[in-house]
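Let me begin by presenting the structure, written as structure tokens, before commenting on it.
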Number of protein chains: 2
Amino acid sequence: MKATKPFSDHIQFLKNEIENAIHQIPLEKTPAYFYDPIKYVLNGKGKRFRPILVHLVGDVYSSAPEKIMKAAISVELLHNFSLVHDDIMDEDDVRHGQPSVHKKWDNATATLAGDGLFVLSHSIITGLSKYIHQRFNEVTLAICEGQGMDKEFENDDSITMGNYLVMIGKKTGALLGLCAELGSLIGNDSKSDGHQLFEYGLNLGLAFQIQDDYLEIYGDESTMGKSLGSDIRAGKQTALSILARENHRDKWLEFIQKNDSISAYKAFFESNGIKAETETIIQHYIQKAQDGLNVIPERNRAHLNQFTTMILNRTY
Amino acid sequence: MKATKPFSDHIQFLKNEIENAIHQIPLEKTPAYFYDPIKYVLNGKGKRFRPILVHLVGDVYSSAPEKIMKAAISVELLHNFSLVHDDIMDEDDVRHGQPSVHKKWDNATATLAGDGLFVLSHSIITGLSKYIHQRFNEVTLAICEGQGMDKEFENDDSITMGNYLVMIGKKTGALLGLCAELGSLIGNDSKSDGHQLFEYGLNLGLAFQIQDDYLEIYGDESTMGKSLGSDIRAGKQTALSILARENHRDKWLEFIQKNDSISAYKAFFESNGIKAETETIIQHYIQKAQDGLNVIPERNRAHLNQFTTMILNRTY
């Protein structure tokens, strides 16, 4: 029996192939005002786990490798377009460990660079099916809606967990869903399979995002790459603060007036059942993600199960 | 013999049909942060002459009316996307007689609204041919490059007339070219016809833009909708100032130090042959535009000749 290479080697192999394909996108030299920031973004240290997901699903469906790569690169560029514009809107100055485009250059340059990445993402999928184009556009619209909701929710303390789930589903989940869906649609025109795989990615995205909020309180700084409690202290909406406000409003409002330490947050969330409730919600979405994979015969599901674990354990 | 309705009635008819189609684009109500500015833009007072051009060429090729309308609306949304983002980058506060999006809301809102218009423009052409998608993307990339060049050229006094023509060709001409090209490609898959009609629109755009620079010195304020000499006084690159700098550098640099009146500009451009040279260049591009129409049998060319006249006489 042939020894199977570890999954991490396979991921590294796919990542290298994806990086090569990204660097082979033909880009002019001039105008440098337009192309230099685009190259800066494409040379950034993204984890590429969206295009990796397109490949993993595409392989299950024996999709044509060159079409898988087109879809993979296209979603990665779409993701980068949204990051560049979101960083302007959210005034985030660091992205993938380097200055964001609007910080290194300025807002005008970053607006145009994002537009360029968007055009390129469309150029690359030109020729794939009408339905793939339709889904690509529907999900892009959802991403814009999610960003619009995120902006609307800033400083609005009437936001419910339901609102929050819709927002992160559109802003983060939908693109992961699209990645899994495209991988299947390229090899198999079953919209139903595509839909199930979209649900896998969407729910994985929701679990990941809520877990992110959880880990910024209960994780460790080295894994999270940011100081613990930074979002919640800055008054950003997180799953835990929304649950606290929704279910224990007066106690929570009094608490945040008086407390600022991570250990106090931990104690509050534990004693009020919010830690346990968040864990339950995360497990719920992990289960829904796994249900989405049932459309794939069990013998072909190993890589996607390993991918799920890798994402949720943040071992990428 | 049946009396033909005046051309202006036909244009008004097309414009109404286009407005109706734009208002029938299905748009959600929420998030209002995202959709309200998009609706504001689509309800603006654009002249719609880009989608009108798609229809005029489409009619010549007996293209399917519903596909013509899709292409027409799609280019209009693409145009609006680029205006919303350009207005942010260029800090232009008025568009079609009302506050631009970033002025009425803010830069973040306008960035997202532009993105949304871009997504919608793609949603609408989904299902048209691969080649139409390819041309749509190529021209969108050209528009971004043109905007990048325009930003690069600001305050660069080494810009030549050649640089300027490339820039306005990409920024303004290419989209008019695409309008004429799409009108033909929908009814007829001859890439060669499409190419000729692209040349018509491109050169009409160049003639229009250079004429715009000319009329801001030699026109009247009511037609131009802005005070005469405003661009040239603000130090913006215009065809006349570039020709002056390129061919009479020392005299021009001395002149602008000392003079600021429209009558002085007029006298300078006349006595140095720049007025005549600009007129020659405009005529050159009008001729090239008309040459592009030769691909259409003369008996079918009337509306496009009338459109050319309407655009250049600014009687729309």
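Quick notes on this one:
- Subset of region A:278-316 [part of a helix (DSSP H, G or I), closer than 30 Å to A:Lys266 by Cβ and among the aromatic types (Phe, Trp, Tyr)]: A:Tyr285
- Condition check for B:Ala21: more than 13 Å from chain A (Cβ to nearest Cβ) and either within 27 Å of A:Asp115 (Cβ to Cβ) or crowded, with 23+ Cβ neighbours inside 10 Å (or both): yes
- Residues that are part of a helix (DSSP H, G or I) and in contact with a strand residue (DSSP E or B) (Cβ under 9 Å, 6 or more places away or on another chain) within region B:81-102 comprise B:Leu83, B:Val84, B:Asp87, B:Val101, listed in sequence order.
- Qualifying residue in region A:63-73 (condition: farther than 26 Å from A:Asn313 by Cβ and not in a helix (DSSP H, G or I)): yes
- Among the residues of region B:206-241, the ones that are under 20 Å from B:Glu277 (Cβ atoms) and small (Gly, Ala, Ser) come to 5 in all.
- Sole residue being over 20 Å from the mean Cα position of the chain (by Cα), within 24 Å of B:Pro37 (Cα to Cα) and in a helix (DSSP H, G or I), chosen from A:Ala142, A:Ala108: A:Ala108
- Residues of region B:79-101 satisfying the condition of being of a type in the set (S, T, N, Q), out of contact with any Cys (no Cβ under 9 Å at 6 or more places or on another chain) and either farther than 28 Å from A:Arg135 by Cβ or within 10 Å of chain A (Cβ to nearest Cβ) (or both): B:Gln98, B:Ser100
- The set of residues in region A:102-127 being of a type in the set (A, V, I, L, M) and more than 8 Å from chain B (Cβ to nearest Cβ) consists of A:Ala110, A:Ala113, A:Leu117, A:Ile124, A:Ile125.
- Candidate set: region A:220-277, residues that are in a helix (DSSP H, G or I) and of a type in the set (Val, Ile, Thr); chosen: the one surrounded by the most Cβ atoms within 10 Å (Cβ to Cβ): A:Ile274
- Filter result (surrounded by 19 or more Cβ atoms within 10 Å (Cβ to Cβ) and more than 20 Å from the chain's Cα centre (by Cα)) within region B:39-62: B:Val60, B:Tyr61
- Residue within region A:24-36 that is buried (at least 24 other Cβ atoms within 10 Å of the Cβ), of a type in the set (Asp, Glu) and modelled with pLDDT of 95 or more present: no
- The set of residues from region B:90-130 being at pLDDT below 95 and of a type in the set (A, V, I, L, M) comprises just one member, B:Val94.
- Candidate set from region A:152-162 (those that are in a helix (DSSP H, G or I) and surrounded by fewer than 19 Cβ atoms within 10 Å (Cβ to Cβ)); member that is nearest to the other protein chains (Cβ to nearest Cβ): A:Glu152
- Selection count, region A:145-203, where residues are of a type outside the set (D, E, K, R), free of Cβ contacts under 8 Å to residues at least 12 places away in the same chain and under 30 Å from A:Asp250 (Cα atoms): 3
- Total residues in region A:176-202, condition surrounded by fewer than 24 Cβ atoms within 10 Å (Cβ to Cβ) and in a helix (DSSP H, G or I): 7
- Test: B:Glu76 is more than 9 Å from every other protein chain (Cβ to nearest Cβ), surrounded by 23 or more Cβ atoms within 10 Å (Cβ to Cβ), in a helix (DSSP H, G or I) and of a type in the set (Asp, Glu): yes
- Which listed residue is within 20 Å of A:Ile281 (Cβ to Cβ) and at pLDDT 95 or above, from A:Ser241, A:Ser192: A:Ser241
- Among the residues of region B:128-143, those identified as within 7 Å of chain A (Cβ to nearest Cβ), free of Cβ contacts under 8 Å to residues at least 60 places away in the same chain and not basic (Lys, Arg) are B:His133, B:Gln134, B:Asn137, B:Leu141.
- In the set (1) closer than 30 Å to A:Ser190 by Cβ; (2) more than 19 Å from the chain's Cα centre (by Cα); (3) of a type in the set (Ser, Thr, Tyr), the condition left unmet by A:Ser121 is number (2).
The values are calculated or read from the model by the stated rules, or taken from the named source; none is laboratory data. Since the model is a prediction, treat every value here as computed from it, not as a measurement. Positions of Cβ are backbone-derived with ideal geometry, glycine not excepted, and every protein chain shown enters the neighbour counts.
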